[in-house]
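Read through the structure below, which is laid out as C-alpha cells, and then see the notes.
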Amino acid sequence: APVMCVVGARPNFMKMAPILRALAAHQPPIPALLVHTGQHYDTDMSKKLFVDLGLPQPDINLEVGSGTHAQQTAEIMRRFEPALDEHKPSCVLVVGDVNSTIACALVASKKDIPVAHVEAGLRSYDRKMPEEINRVLTDQISDRLYTTERSAADNLAREGIDLSRVCFAGNVMIDSLEASKPHARAPQQTLAAHGLDAGLAAGRYGVVTLHRPSNVDTPESLTSLLGVLGQVAKDLPLIFAMHPRTRSNIDRFGLTGLIDPARIAVLPPQGYLEMLGLMAGATLVLTDSGGLQEETTALGVPCLTLRENTERPITVEQGTNTMVGIDPQAILAGVAEILAGRGKHGRVPEYWDGHTAERIAADLWTWLGS
Ligand code: UD1
C-alpha cells in the first residue's frame, strides 16, 4: 500500500519534494501518492512552486480553496476521507503546521491509519497563532514524529508523547535548498522580469515578506510595519515579495501610499528559485515567515523576525535569526546593527545537511515494516 503524502499550502511544497524523491530512491522503492488539498491554488502560490521544486503532478486534487479556518479545515476533511477509503494507504504523511496538516491527520487517525508528521515538536507557545494549534493537535495524533531540531523532543515529552515515537531526522526544507541552490535565479533578473529597476539589487538590499494575520490583518499593525519599512528603505533598498493576504489588506486599508516605489520594489509571491536568489544575495531579511527563518540560517544571511516568539529557537541560538518583534525602534536597531557589519553569521544546525529526506525514508521503511 502507498504512503499518502499530503500538501496544501506554499510552505508544504519545499518539504514534500525531497521526501517524494527519497521514497522513490529507497531500496526497495516505497510507493507514494501525492494529495494536494488546494488550500493554496494560485499560480504564484502553488503551480509555480511545483515546477521549481520538481514536484510531480498530484495524484489527487481536493481543490478546497480559501475560507474561514473552520470552513477550510472541514472541507479538507470531508474531501480527504473518500480518498483514504479508495486508496487504503499504509500511512498518511503530513508536513508542517497548516490547516491541511491537521485536517488530513485527523481524518486518518480516526480511520486507524497511521500518521507520520514531518516537522513535529516545534512550539512557539503562542496559542493565538493558528499554526500552534495545528502543531499541538497534529503531534498528539501522530504515530511517527520527525523533528528538525533536538529541542522539539523536549516539547513533545512535556506533552506526554512517548519519545519512542520521535525520530530526529533534521530539516527536510534544507534538502530542497541545497538541491536548488545552483539553480537560484539572479535577483536582477527577478526584478527585471517584473519591469522593475534591476539596479536596486546591484548593491546592498533587504528582502521583506509579511503575512501573519497578527501583523497584517489590522490597520494599526500594518500601518506601523509599513512605516518602519519606509524608514529602513531610506538606508537600504527593499524587495518586498507580497503575499496575497497582505496585498489585499494594504488595498483594503488604503495604505498603498506608504510604499515608496523608488526604494521598495513590490513583487508578487515569488517562485522558489527566485526567492532563493533574492535571499542568498540579500544583506538582511525582514520576515514573519517560519520557513525564511530557517532558510536564512542555512544561507548564513542575517534575519530579523518581526514576531515576539519563534517555534524554531535553533535559528536564534545557532543561526542568523534575531527576534525583533514589531516595535519600530527594535526593528530599526536590528537593521542598524547589521548595516554596521555586526550581523549574526551563525552556523548551520545539526542534520540540516541536505540528507534529511533519506533519513526519513529509511526510518519510515523500518517503522511501516514493524
Ligand atoms: C497559510 C498557512 C500559514 C502559512 C501560509 C504561507 C494556515 C492556518 N496558514 O496561511 O501557516 O505560513 O499559508 O503562505 O494553514 N489566497 C490567494 N491565493 C491562494 C491562497 C490564498 O489569493 O492561492 C488568499 C485568499 O484571500 C485567502 C488568503 O490568501 O483567504 C489566506 O489564505 P489561507 O490559506 O487561509 O492562509 P495563509 O495566510 O496563506
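Screening Val35 on (1) within 12 Å of the ligand (Cβ to nearest atom); (2) closer than 27 Å to Met275 by Cα; (3) out of contact with any Leu (no Cβ under 6 Å at 6 or more places or on another chain) shows it passes everything except condition (1).
Pairs meeting the criteria (first residue in segment 117-136 and aromatic (Phe, Trp, Tyr), second residue in a loop (DSSP other than H, G, I, E, B) and surrounded by fewer than 19 Cβ atoms within 10 Å (Cβ to Cβ), beta carbons under 7 Å, at least 6 apart or on different chains) are Tyr125/Asn309.
Pairs meeting the criteria (first residue in segment 1-29 and under 23 Å from Val107 (Cα atoms) and outside any strand (DSSP E or B), second residue more than 16 Å from the ligand (Cβ to nearest atom) and at pLDDT below 95, beta carbons under 7 Å, at least 6 apart or on different chains) are lacking.
Give Gly290, Gly319, Gly300 a once-over and let me know the one that is in the same structural domain as Gln189 (by TED's automatic domain parsing) and without any contact (Cβ under 8 Å) to a residue 40 or more places away in the chain. Before the answer, list the steps.
On the way: Gly290 fails: without any contact (Cβ under 8 Å) to a residue 40 or more places away in the chain; Gly300 fails: without any contact (Cβ under 8 Å) to a residue 40 or more places away in the chain.
Of Gly290, Gly319, Gly300, the one residue that is in the same structural domain as Gln189 (by TED's automatic domain parsing) and without any contact (Cβ under 8 Å) to a residue 40 or more places away in the chain is Gly319.
If you take the residues of segment 121-145 that are among the small types (Gly, Ala, Ser) and crowded, with 22+ Cβ neighbours inside 10 Å, which of them is farthest from Thr101 (Cα to Cα)? Talk me through it step by step, then tell me what you get.
First, the residues of segment 121-145 that are among the small types (Gly, Ala, Ser): 121, 124, 142.
Next, from what is left, pick out any that are crowded, with 22+ Cβ neighbours inside 10 Å: 121, 142.
Values: Gly121: 14, Ser142: 11 Å.
Once the filter is applied, the top-ranked residue is Gly121.
Criterion applied to Asp363, Asp353 was being out of contact with any Gly (no Cβ under 6 Å at 6 or more places or on another chain), surrounded by fewer than 20 Cβ atoms within 10 Å (Cβ to Cβ) and part of a loop (DSSP other than H, G, I, E, B), and the one residue passing it is Asp353. Examine segment 323-342 for a residue that is more than 18 Å from the chain's Cα centre (by Cα), under 29 Å from Ala179 (Cα atoms) and in a loop (DSSP other than H, G, I, E, B), and state whether such a residue exists. No, the conditions are met nowhere in segment 323-342.
Here are Val348, Val316, Val301: which of them is in a loop (DSSP other than H, G, I, E, B) and surrounded by fewer than 23 Cβ atoms within 10 Å (Cβ to Cβ)?
Details: Val316 fails: in a loop (DSSP other than H, G, I, E, B); Val301 fails: surrounded by fewer than 23 Cβ atoms within 10 Å (Cβ to Cβ).
It is Val348.
Could you tell me which residue of segment 192-222 is farthest from the chain's Cα centre (by Cα), considering only residues that are within 16 Å of the ligand (Cβ to nearest atom) and not in a helix (DSSP H, G or I)? My answer is Thr218. Against the test of being at pLDDT 95 or above and either part of a helix (DSSP H, G or I) or of a type in the set (S, T, N, Q) (or both), the options Ile239, Ile250 yield a single qualifying residue, Ile250.
Each residue in segment 261-313 was checked for being away from the ligand (no atom under 16 Å from the Cβ), in contact with a His (Cβ under 7 Å, 6 or more places away or on another chain) and closer than 26 Å to Val51 by Cβ, and 1 of them qualify. Taken as a whole, the condition of being in contact (Cβ under 8 Å) with a residue 24 or more places away in the chain and crowded, with 20+ Cβ neighbours inside 10 Å does not apply to Glu308.
Would segment 42-49 turn up any residue that is touching a helix residue (DSSP H, G or I) at 6+ places or on another chain (Cβ under 9 Å), under 27 Å from Ala179 (Cα atoms) and either in a strand (DSSP E or B) or away from the ligand (no atom under 16 Å from the Cβ) (or both)? Scanning segment 42-49, I find no residue that is touching a helix residue (DSSP H, G or I) at 6+ places or on another chain (Cβ under 9 Å), under 27 Å from Ala179 (Cα atoms) and either in a strand (DSSP E or B) or away from the ligand (no atom under 16 Å from the Cβ) (or both), so the answer is no. Here the condition is being among the charged types (D, E, K, R), within 16 Å of the ligand (Cβ to nearest atom), touching a Gly at 6+ places or on another chain (Cβ under 8 Å) and in a helix (DSSP H, G or I); of Glu131, Glu119, it holds for Glu131 alone. None of Asp85, Asp112 is in the same structural domain as Pro18 (by TED's automatic domain parsing), assigned to a helix (DSSP H, G or I), among the acidic types (Asp, Glu) and away from the ligand (no atom under 16 Å from the Cβ) except Asp85. Among the conditions (1) in contact with a helix residue (DSSP H, G or I) (Cβ under 8 Å, 6 or more places away or on another chain); (2) within 30 Å of Leu276 (Cα to Cα), Asn61 misses just one, which is (1). Of all residues in segment 1-16, those that are more than 16 Å from the ligand (Cβ to nearest atom) and within 19 Å of Gly170 (Cα to Cα) total 1.
Kindly check whether there is at least one residue in segment 63-82 that is away from the ligand (no atom under 13 Å from the Cβ), hydrophobic (A, V, I, L, M, F, W, C), in contact with a His (Cβ under 9 Å, 6 or more places away or on another chain) and at pLDDT 95 or above. No, there is no match, as no residue in segment 63-82 is away from the ligand (no atom under 13 Å from the Cβ), hydrophobic (A, V, I, L, M, F, W, C), in contact with a His (Cβ under 9 Å, 6 or more places away or on another chain) and at pLDDT 95 or above.
The values are calculated or read from the model by the stated rules, or taken from the named source; none is laboratory data. These numbers were taken from a predicted model, which means no experiment stands behind them. FYI the Cβ positions are ideal-geometry reconstructions off the backbone, even for glycines, and counts take in every protein chain you see.
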